[in-house]
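One structure is given here, and the rest of the page talks about it.
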Amino acid sequence: MNTINIRAFVNKEKDINYPLWHPYSNINKNINHMLNIVRGEGVYLYDTNGKRYLDAASGLWNVTLGYGNEAINSSIIEQLDTLSYCSLFENTNPTAVLAAKTIKNMLPEYFKKIFFTCSGSESVELAIKLMREYWFHMGKKDKNIIISLADSYHGTYYGSMSVSGIEREHLNGFVPLVGDIEFFKPGVCNKCKENSEYPNCKLDCLRAMEAFIRNNEERIAGIVLEPLLASKGVTILSEKYIKSVQELCNQYNILLAVDEVAVGFYRTGSAFYFQRFNLKPDMVCMAKGINSGYLPLGAVAICDDICNLYMGGDEALIHGSTQAGNLLACAASIATLKQYTEMNISENVLSNGKYLIDQLRSRILRQKNVGDIRGQGLIIGIDLVKDKTCKTSLEVEKIVMIKEYLKRRGLITYMSDTGITLLPMLIVEKSHVDFIVEVIEEIFNTVVY
Ligand SMILES: Cc1ncc(COP(=O)(O)O)c(C=O)c1O
């Protein structure tokens, strides 16, 4: 066997004169093993040496239609030549209106308004504010507790960070976080101790949340639901659990906001993931795939009940940021959403997503370091474990090294604490999938870690 020791790839030197502090990073981040990217075309990125990489992370899960997409470029340029900026605080304009209308048309009719933001974090931030203010205006000031899921990720602004259940231990220095937030364990069938298969299970995973809600009936403002735990290695919630969360919301008068930042805009095949479960959320938080990552943009779709409450009074909603609904970002969104429809992107996501997961399962699932492979459409998690029987995750350092190896081989992936996450672009083709699988399979045949 031709073995390569990937430890050799991880250079430990640091450059103290380097000016950037990178997101989610140690200030001394070792930049020597970061890619220095200068060009992009379709599903590929190119570094300063002209080396090509297949981007199976879609940028940061957002570049759905590829780099240098002509229609998106043209739309942005046309807008740039007409009007580069228009504040939505005081004005309206046709571009922002058309972008909002297009998004609204992808959703059930009861969504009355689209509120633009600059990011997924800001979308969640707004959803939480609306949850609390809704009940405030309804005369229920104490109905302000927000429920979220352990292992969920919702962003890094104060509110969105406070409702994120993942890696809470890193938030200790930011205390006090936004208060009155309660976390409950997500319902995940393959982690179930009960071992009885859906739909015959007793739904033990929901018991604690249900009991808490029952005991605090008048206090719960809303539930923020990440319907698929994307940052936790693509943890898939059971259908029954998701539907039961909706039922609890109905039964106890609780607002439901689904966070579709990662899975919205066809990532899983359907326009929005919640639509598969016939949920009736009150708000939908979006970003990422909204404009294929060309410019910062997020949005919250808001239901008629919430809108009607504000329509009845003179109260302004105190939320907004200078660049929210930026015209260039909206122009990129219009061109992106049009292509999703014209290309019938859903079909490509479902067929190549199935091909990718089938190939991975048939070629690497038997490996002793592969615990599980799961996904929906084009978001797929590969659990890397020390050993199949114990299912303990491989050490993070080893996962980092594997990711480094893949990069060396021209494949960019996303890493979670449970393994490798693949989020190829929605325009991915069969030949790209073959390359992804071939390089990942190599890890188990050639790499010592
Ligand atoms: C589910 C979810 N919500 C919110 C966010 C935060 O979005 P942003 O990074 O645009 O602020 C993310 C980002 O990955 C996400 O995956």
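What follows draws every value from the coordinates through simple rules; no lab data is involved. Computed from a predicted structure; not experimentally measured. Counting neighbours? That spans all protein chains shown, and the Cβs are built from the backbone with ideal geometry, glycine included.
Applying D = kT/(6 pi eta Rh) to the range 289-349, where Rh is the Kirkwood radius over alpha-carbon pairs, T corresponds to 37 °C and eta to 0.692 mPa s, the Stokes-Einstein value obtained is 236 µm²/s.
Ellipticity at 222 nm from helices only: DSSP H runs of n ≥ 4 in the chain, each -39500 (n - 2.57), divided by the residue count, give -10500 deg cm²/dmol.
Rounded to the nearest 0.05, what FRET efficiency is calculated for Asp417 and Tyr18 with R0 set to 25 Å and r the Cβ-Cβ distance? My answer for the efficiency is 0.45. Here the Karplus curve 6.51 cos²θ - 1.76 cosθ + 1.60, taken at θ = phi - 60°, turns the phi angles of the range 35-48 into couplings of 6, 9, 8, 10, 8, x, 8, x, 8, 10, 10, 10, 9, 4 Hz, with x standing for Gly and Pro. Each of His319, His154 was scored by other Cβ atoms within 10 Å of its Cβ. Arranged with the fewest first, they read His319, His154.
For the range 345-449, GluC sites (Glu not before Pro) meeting the loop criterion (DSSP other than H, G, I, E, B) and having at most 16 other Cβ atoms within 10 Å: Glu395, Glu429.
Across the chain, Cα-Cα distances exceeding 27 Å account for 56% of all pairs. The magnitude of the dipole of the range 29-181, with charges of +1 and -1 set on the Cβ of Lys/Arg and Asp/Glu and taken from the Cα centre, is near 340 debye.
The aspartates and glutamates within cross-link reach of Lys29, meaning a Cα-to-Cα straight distance under 13 Å and a gap of 8 or more places when in the same chain, are Glu13, Asp15.
Taking GluC sites (Glu not before Pro) across the range 10-90, the ones in a DSSP loop with at most 14 further Cβ atoms lying within 10 angstrom of their Cβ are Glu13, Glu90. Only beta bridges with both residues in the chain are counted; by DSSP, about 65 percent of them are antiparallel. Using +1 at the C-beta of Lys and Arg and -1 at the C-beta of Asp and Glu, which of Ile145, Phe435, Tyr110 has the Cα lying farthest in the positive direction of the dipole of the chain? My answer, from the dipole projection, is Phe435.
Residues whose amide H comes within less than 5 Å of that of Tyr414, counting only those at least five positions distant or on another chain, are Thr421, Leu423 (H built at 1.01 Å from N in the peptide plane). Each residue of the range 62-68 was assigned a 3J(HN,Hα) from its phi angle through the Karplus curve 6.51 cos²θ - 1.76 cosθ + 1.60 (θ = phi - 60°); the sequence is 10, 7, 6, 10, x, 7, x Hz, with glycine and proline shown as x. Couplings 3J(HN,Hα) for the range 430-442, derived from phi with the Karplus relation 6.51 cos²θ - 1.76 cosθ + 1.60 (θ = phi - 60°), are 4, 5, 5, 4, 4, 5, 4, 5, 4, 5, 5, 4, 4 Hz, where x marks Gly and Pro. On the beta carbon distance between Tyr46 and Glu441, with R0 = 35 Å, the FRET formula returns roughly 0.90. Within the same chain, lysines fewer than 8 places from Lys398 are excluded, and of the rest, those with a Cα less than 17 Å from its Cα are Lys12, Lys368, Lys386, Lys388, Lys407. Which residue, chosen from Gly269, Gly320, Pro176, occupies the Cα position most advanced towards the positive end of the dipole of the chain, where the dipole is computed from +1 (Lys, Arg) and -1 (Asp, Glu) charges on Cβ about the Cα centre? Ranked along the dipole, the leading option is Gly269.
Placing +1 on the Cβ of every Lys and Arg and -1 on the Cβ of every Asp and Glu, with no other charges, gives the range 70-342 a dipole of roughly 520 debye about its Cα centre.
Normalised by the number of residues in the chain, the average gap of Cα pairs under 8 Å and 6 or more apart makes the relative contact order 22 percent.
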